[in-house]
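Q: Please find one structure pasted underneath; my questions will follow.
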Amino acid sequence: MKNVRLILVLLLMVNCTTDSSDVLEIQDDLSPQTLNCVDDLPQVKITNQSALDFDLIIYGQDYSQLHTQSLSAAGATDWLELTNGDIIVVATNTDIYGQKIQLSILPCESIEIEIDEFNNLIIIGI
């Protein structure tokens, strides 16, 4: 009878242990970038899906110019590291004057902005 109890206890222990593959799946979901980010500067990337060229200006919260660039049709900026706080992204050309988006960006954020096919300045990803 003692042997039967011992076998039942051992079977329960085996069934209650965690599967190591479940643990690995959880660890794979955590990207190294998320784990390593502490105070990295926020990043902004702007893509032009329009048929028109645009001039971009990014202003800081004190209205200082943080970045300027001419963006051709179907072009994109690199990831731009910006200071924390409020920024204003302005896209303009000879036909469309001064579309803007105001954002509050935080450390470790990556924000994607797009000039769509209808020449509208929109946020497409955070």
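The values are calculated or read from the model by the stated rules, or taken from the named source; none is laboratory data. No experiment lies behind these values; they were computed from the predicted model shown. Neighbour counts are summed over all protein chains in view; Cβ atoms, including those assigned to glycine, are modelled from backbone coordinates with ideal geometry. Surface areas here come from the heavy atoms of the whole protein model, side chains and all, with no ligands, DNA or RNA. Shrake-Rupley method; radii C 1.70, N 1.55, O 1.52, S 1.80 Å.
Q: Where does each of Ser72, Ser50 land when they are ordered by accessible area, with a 1.4 Å probe and the largest first?
A: Result, largest first: Ser72, Ser50.
Q: Here is a further query. Excluding ligands and nucleic acids, what accessible area in Å² is computed for Asp116 using a 1.4 Å probe, to the nearest 10?
A: Approximately 20 Å² of Asp116 is accessible to the 1.4 Å probe.
Q: Here is a follow-up. If R₀ is 22 angstrom, what is the calculated FRET efficiency for the pair Cys37 and Asp62, using the beta carbon separation as r and rounding to 0.05?
A: 0.30
Q: Nearest 0.05, what FRET efficiency do Ile96 and Lys45 give at R0 = 22 Å with Cβ-Cβ as r?
A: 0.60
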